[in-house]
Amino acid sequence: MKLTSIQAAENKLLLQTYERNPYLFISGQGVYLRDENGQDYLDLLSGIGVSALGYGHPAVEEAITRQSNRLLHTSNLFFHEGTAELALRLTEISGLDRVFLCNSGTEAWEAALKLARAHAGLLRSSGRKIGTKFLALEHGFHGRSMGSVATTHKAKYREPFEPVMPGVEFVRFNDVDDLRAKFSEDICAICIEPVQGEGGIHPISREFFAAARELCDSSGALLLADEIQCGFGRTGKWFAYQHYDILPDVTTIAKPIANGIPMGAMLCTNAAAEAITPGMHGTTFGGGPLACAVAIAVIDTIKHDNLLEHIREVGQYFHEELSKLAARHDCIVDVRGLGLMLGIELNSADLAKRVATDLMERHIIINRTSETVLRFLPPFILERKHVETAITALDEVISAAYVGAAPAGEQSHG
Ligand SMILES: Cc1ncc(COP(=O)(O)O)c(C=O)c1O
């Protein structure tokens, strides 16, 4: 089917959850996606932070082929070869003790919320005073299922589905006084994204992260770090919290773990894990042999190819080039981010929309989030030459678009 017939069929047949861009990709290689007409696109979004090793990576292809020839599924009622090997790697890179494997970001975050409730229940049963409420951050995003959406700040994600899980209060981003004022023995967990993604690429401040850790230590509440977008190497360290030298009690990852094969994971301390016993939580597909085999290959490739160092180096170059661009264009009001998780904030939503659309027409894929922010989440294998191509195109597109920006609606994203 061609793009136009697919569009017509999807309009009729699919639940209308996304306003897709009118492009049909059929293959990919390295940092490029190829459309139905054989045109290549430089991908600076990697499927919203998923295709970390790009497209057609030999290690990923080898793992998929090998494992799909052996075994795809056993259920979590039995052992298979991949789970322990992957859990060993995840605990080594995170500094946490135990792993729950699942299929998506929101499922990992639901597991974190449930663990926090169960852990507080365990503390209560031993006489500690601790409640069931959560503190989450303004502009935070944790997913679309009922618990995740309850801890997600933007009203548009929550309100159509109310009542969502009760007992969530939002704290002003990076406002330590507000955090201290709202924290009490009613709180079972503080929810943070060390670098907010969907909220517009905002790193949390050291003071705020440290205060959250200190408050949780004082009461037994858990510090939950959602690293679904910022974790697993994206910022140039395995976990964004490692930039702060703070260990959360729980972290969640998903997007890039298995380079496009769906997978999520919740990692936690032994102390938190004591709250979960067999039968309390589970998943049919989570941690299946295929996803585990690919995730192992992804971690081993990131290590073998020194990709964390590469991300830091290319990310810094990208950041510097974006800052130079900002010095030339006063419509760029801020440049933010860590590693290859970068954003530039423009002075209008109309302009941001126009720039994202014009870049697509020039075969460069980015995304707009929080109305005014252009978000870059490229594959980890991005090179300086790709950054140069992107900067040249951005420069030209912004110069042309700033004169007359068209009205904008809001784009769907994750
Ligand atoms: C920080 C964060 N948490 C949770 C999610 C939800 O992940 P998923 O879409 O895999 O359910 C996302 C998705 O964008 C995210 O960025």
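The values are calculated or read from the model by the stated rules, or taken from the named source; none is laboratory data. Since we're looking at a predicted model, the values are computed, not measured. Here the Cβ positions follow ideal geometry from the backbone for every residue, glycine too, while neighbour counts run over all protein chains shown. What goes into the accessible areas is simple: the full protein's heavy atoms, side chains included, and nothing from ligands, DNA or RNA. Shrake-Rupley method; radii C 1.70, N 1.55, O 1.52, S 1.80 Å.
Here are some notes:
- The simple spin-label model puts a point 7 Å past each Cα toward its Cβ; for THR392 and SER75 those points are separated by 5.7 nm.
- What separates the Cα centres of the stretch 156-178 and the stretch 38-91 is a distance of 34 Å.
- Extension reserve of the LYS154-ARG34 stretch, reckoned as 0.36 nm per residue once the Cα distance is removed: 39.8 nm
- Normalising the Debye intensity of the stretch 79-182 to I(0), with uniform scatterers on Cα atoms only, and taking log10 at q = 0.12, 0.14 Å⁻¹ returns -0.54, -0.72.
- Taking each DSSP H run with n ≥ 4 as -39500 (n - 2.57) and averaging over every residue of the chain yields -12500 deg cm²/dmol at 222 nm.
- Given R0 = 35 Å, the distance between the Cβ atoms of ALA400 and ALA181 translates into a calculated FRET efficiency of 0.15.
- Solvent-accessible area of the chain (1.4 angstrom probe, protein heavy atoms only): carbon and sulfur portion equals 54 percent.
- FRET efficiency for MET360 and ARG384, using Cβ-Cβ distance with R0 set to 22 Å, rounded to 0.05: 0.45
- Among ILE201, THR284, LEU3 - extreme Cα towards positive end, dipole of the chain, charges at beta-carbon: THR284
- What separates the Cα centres of the stretch 200-252 and the stretch 282-319 is a distance of 19 Å.
- Between 0 and 90 degrees, the angle of helix 206-219 with respect to the longest Cα principal axis of the chain falls at about 20 degrees.
- Cβ-placed point charges (K, R +1; D, E -1), dipole of the chain about Cα centre in debye, nearest 20: 720 debye
- 0 to 90° range, to nearest 10: angle between helix 3-13 axis and the chain longest Cα axis: 40 degrees
- Residue ranges 173-183, 330-340, 254-264, 19-29 sort as 254-264, 330-340, 173-183, 19-29 when ordered by packing (mean number of other C-beta atoms within 10 Å per residue, highest first).
- Under 5 Å, built H, 5+ apart or other chain: amide partners of ASN367: ARG375
- Mean accessible surface per residue for the chain, computed with a 1.4 Å probe while every protein chain stays in place, in Å²: 43 Å²
- Estimated distance in nm for a label pair at LYS2 and GLU162, the labels positioned 7 Å out from Cα along Cα-to-Cβ: 4.7 nm
- Magnitude of the charge dipole for the stretch 101-149, about its Cα centre and with charges confined to Cβ atoms of Lys, Arg (+1) and Asp, Glu (-1), is about 340 debye.
- Backbone geometry of the stretch 395-400 corresponds, through the Karplus equation with coefficients 6.51, -1.76 and 1.60 at θ = phi - 60°, to 3J(HN,Hα) couplings of 4, 5, 5, 5, 4, 6 Hz, x marking Gly and Pro.
- Shape category assigned to the stretch 126-271 from the gyration tensor of Cα positions, a/c cut at 1.5: rounded
- The string of couplings for the stretch 113-122 from the Karplus curve (6.51, -1.76, 1.60, θ = phi - 60°) is 5, 5, 4, 4, 5, 5, 5, 5, x, 5 Hz, one whole number per residue in order, with x for Gly and Pro.
- Contact order normalised by residue count of the chain, Cα under 8 Å, 6+ apart, percent: 21 percent
- Other-chain or far-sequence residues with amide H under 5 Å of VAL250's (modelled H): LEU223, ALA225
- Taking θ as phi - 60° and the Karplus parameters 6.51, -1.76 and 1.60, the scalar couplings of the stretch 82-95 work out to x, 4, 5, 4, 5, 4, 4, 5, 5, 5, 4, 7, 9, x Hz in sequence order, x denoting glycine and proline.
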